[in-house]
Amino acid sequence: MADPLKSICEDPLERKWVWISLALAVVMAGMLGYYAVASNIHPPSNVETIDSSRLHLTEEFAEDNLGVKTNDDGSLTVTLVAARYGFYPPRIEVPADTRVTFRIASADVLHGVHVPFTNMTTMIVPGYISEVTTLFPQTGEFSLLCNEYCGLGHDSMWSRLVVVAKSAGGEAS
Ligand code: CUA
């Protein structure tokens, strides 16, 4: 079969590299699609607004009400505030294999949250409440990292997520 690029490019070496770049683009798009499906990653779709400058005046995001709460059906709700430069409370503990819904609001600028080796990741846009529901199959200590550049302290914006065995309970600490 004749090379379809021949009409626009004479140099065989250049055509070869055009094909390699196109193949790489296809491979990378395929990997993104594969991991999105295989790891059940989906874009955040919770549209719930909040006044970021008045988080402390809301009931849900007041300092005393942050952290892990157990719902009637046994699932957990974790309420967090993301602010330069940390997630509050700085340490949360949840049991493994339990549905956890994170509700996170930013007190200032755009942040992100990512827990490496899990599918927990979302953007935290000021003015909106980010909500993600997931469960953590593995016990251990994980980092909650900020993955959107938010200022000079971005590199040190992280907190600790401890996943304990299910029987151990897993209360806020
Ligand atoms: Cu918060 Cu980067």
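Which members of region 1-40 meet the condition of being closer than 30 Å to Ala82 by Cα and either of a type in the set (S, T, N, Q) or open to solvent by less than 80 Å² (accessible area, probe 1.4 Å) (or both)? Answer for region 1-40, where residues must be closer than 30 Å to Ala82 by Cα and either of a type in the set (S, T, N, Q) or open to solvent by less than 80 Å² (accessible area, probe 1.4 Å) (or both): Gly33, Ala36, Ala38, Ser39, Asn40.
A quick yes/no check of all residues on (1) on the phi > 0 side of the Ramachandran plot; (2) within 16 Å of the ligand (Cβ to nearest atom):
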| site | (1), (2) |
| --- | --- |
| Thr101 | no, no |
| His114 | no, yes |
| Gly127 | yes, yes |
| Gly140 | yes, no |
| Asn147 | no, yes |
| Gly153 | no, yes |
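Looking only at region 65-124, count how many residues are part of a strand (DSSP E or B), under 25 Å from Ser167 (Cα atoms) and open to solvent by less than 50 Å² (accessible area, probe 1.4 Å). Within region 65-124, residues that are part of a strand (DSSP E or B), under 25 Å from Ser167 (Cα atoms) and open to solvent by less than 50 Å² (accessible area, probe 1.4 Å) number 15. For Ala105, the test of being within 16 Å of the ligand (Cβ to nearest atom), in contact (Cβ under 8 Å) with a residue 40 or more places away in the chain, within 22 Å of Glu48 (Cβ to Cβ) and among the aliphatic types (A, V, I, L, M) is passed.
All of Leu80, Leu110, Leu55 fail the test of being more than 20 Å from Asn147 (Cβ to Cβ), within 16 Å of the ligand (Cβ to nearest atom) and not charged (D, E, K, R), apart from Leu55. Residues that are in a strand (DSSP E or B) and over 15 Å from the mean Cα position of the chain (by Cα) within region 129-144 comprise Gly140, Glu141, listed in sequence order.
The values are calculated or read from the model by the stated rules, or taken from the named source; none is laboratory data. All values derive from a computational prediction rather than experimental measurement. Using ideal geometry, Cβ is built from the backbone for each residue, glycine included, and neighbour counts are taken over all protein chains shown. In case anyone asks, the SASA skips ligands and DNA or RNA and just uses the protein heavy atoms, side chains included. Shrake-Rupley method; radii C 1.70, N 1.55, O 1.52, S 1.80 Å.
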